[in-house]
Amino acid sequence: MEEWKEYKLGDICTKIGSGATPKGGKESYRGGDTSLIRSQNVLDFSFSWDGLAYINKEQALKLNGVEVKQGDVLLNITGDSVARVCIVPKSALPARVNQHVSIIRGNSNIVLNDYILYFLQYKKLFLLSLSQGGATRNALTKGMIEELTISLPALSKQAEIVSILKSLDDKIEINRRINDNLEQQAQALFKSWFVDFEPFKDQPFEESELGMIPKGWRIVSLNEACIKVTDGSHYSPKDSPLEDIPMLSVKDMQHNGFDYSSCKKISEEEYKKMKANDCVPLKNDILVAKDGSYLKEIFMCLEEKKQAILSSIAIFRCNSNVVYPEILLQILRLPKIRKDVGDNYVSGTALPRIVLKDFKKYRFVLAPIEVQDKIIETFRTINAQIYKNEDESRRLAQLRDLLLPKLMSGEIKV
């Protein structure tokens, strides 16, 4: 490793700094052409468009000091998402950041921004421990970031290391885009059949409490469509890192699955308690995020495995004589339901939460099971491809995470 040199991150960057929220907080976002990137938009290795705010030219001008440029590294520096890091996508520009996100821009003569991204991921556990030194909330300061020691090979070697890791991330991103397209197809097909009733226009319709519906269809509640609607454990066992049975909360939910990398672990004895209390999801159960960004994550379990869930997640177990889980999944993902839930079934201000006993009464239009039979295989085919891509992406992420420390430390050569 003679060719590797050590630097302070602050000495090889032309920019390290966070921004601000326009006066008036989130209520002041006036819309416009400039993105205001917040911590919720910065995920590990990827950028999230969910909830991306926009500000106008006047507001952007006041934040010119934190203008985001193509290829900049974005690092979350406060709160529960501290130390998450990604590269800003070109399509998010022009952009500024708020006070919870730091821009890190390397001197291109010394270091590649992508290399900084992977270095910060390599140092993730150290950054998390560093952030916990404050008296109140987790935080990384500008000084902490500048003082990080980074070992750098030549630019050509950095490029080789980045190319290996980035090829895995690029394939994960391709899978994500494919799945987005597949989900849009599924939603469009569902809307055509079960919302707009397009294949049934020539059939008789009748009046219902929710308007005109095809004759023979009915209005049911979630409680009627399911043999069980419940939530996970209200008892949270102490984390046992040496164990290997996951205890999952809403924070561990991802689109179409769980992130097991940082969840709590419980013992076999605790798992048996959770199972006895029906806090273990079964195959084809639908899991719904109850807390915070309620209904943001909804997915179906395709397999049974040793895992238990906490009360921030709800379990919907379908009555197979009434509705297929693939159909209920699409119903729960309808934008209208999310709006209805926010308007009528959520309590709490600091941490909004779905009131499950009320939400169980939610009523919707449902086709007879023989109508569902005609389309169910199409949804199953789409879902199977989505989960296949998700599984491949998880395996690629595991490979990347295995290679990352070895490449960044010089333990293995390219």
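Among the residues of the range 298-309, none qualifies, meaning not one is of a type outside the set (A, V, I, L, M, F, W, C), touching a helix residue (DSSP H, G or I) at 6+ places or on another chain (Cβ under 8 Å) and surrounded by 15 or more Cβ atoms within 10 Å (Cβ to Cβ).
Residue check: PHE194 meets all listed conditions (1) loosely packed, with under 14 Cβ neighbours inside 10 Å; (2) assigned to a helix (DSSP H, G or I) but one, namely (1). Across the range 232-253, a minimum of one residue is classified as crowded, with 19+ Cβ neighbours inside 10 Å and charged (D, E, K, R). Going through the range 49-66 one residue at a time, which ones are small (Gly, Ala, Ser) and surrounded by 14 or more Cβ atoms within 10 Å (Cβ to Cβ)? Matches in the range 49-66: ALA53, ALA60. Among residues of the range 168-185 that are more than 29 Å from LEU407 (Cβ to Cβ), those with a Cβ under 7 angstrom from a residue that is in a helix (DSSP H, G or I) and not charged (D, E, K, R), sequence gap 6+ or separate chain, pair up as LEU182/ILE382; LEU182/GLN385; LEU182/ILE386; GLU183/ILE386; GLN185/ILE382. Within the range 263-276, residues that are under 30 Å from SER81 (Cα atoms) reach partners that are of a type in the set (D, E, K, R) and at pLDDT 90 or above with beta carbons closer than 7 Å, at six or more positions or on different chains, in the pairs TYR271/LYS306.
Candidates in the range 197-227 are the residues that are touching a Cys at 6+ places or on another chain (Cβ under 9 Å) and part of a strand (DSSP E or B); of these, the one that is surrounded by the fewest Cβ atoms within 10 Å (Cβ to Cβ) is ILE227. Among the residues of this structure, LYS26 does not count as one that is of a type outside the set (S, T, N, Q), modelled with pLDDT under 90, out of contact with any helix residue (DSSP H, G or I) (no Cβ under 9 Å at 6 or more places or on another chain) and more than 30 Å from SER129 (Cα to Cα). Looking at SER293, is it at pLDDT 90 or above, in a loop (DSSP other than H, G, I, E, B), open to solvent by 20 Å² or more (accessible area, probe 1.4 Å) and of a type outside the set (A, V, I, L, M)? Considered against the rule, which asks whether it is at pLDDT 90 or above, in a loop (DSSP other than H, G, I, E, B), open to solvent by 20 Å² or more (accessible area, probe 1.4 Å) and of a type outside the set (A, V, I, L, M), SER293 comes out as no.
Could you run through the range 305-359 and say how many residues are of a type in the set (Asp, Glu) and within 19 Å of the chain's Cα centre (by Cα)? Give the steps one after another, and end with the answer.
Here is the first cut: in the range 305-359, the ones of a type in the set (Asp, Glu) are 326, 340, 343, 358.
Subsequent filtering for residues that are within 19 Å of the chain's Cα centre (by Cα) retains none.
Of the residues in that region, 0 qualify.
The values are calculated or read from the model by the stated rules, or taken from the named source; none is laboratory data. Nothing here was measured: the structure is a model prediction, and the numbers come from that model. Counting neighbours? That spans all protein chains shown, and the Cβs are built from the backbone with ideal geometry, glycine included. For the accessible areas, the whole protein counts, side chains as well, though only heavy atoms, and no ligand, DNA or RNA atoms are used. Shrake-Rupley method; radii C 1.70, N 1.55, O 1.52, S 1.80 Å.
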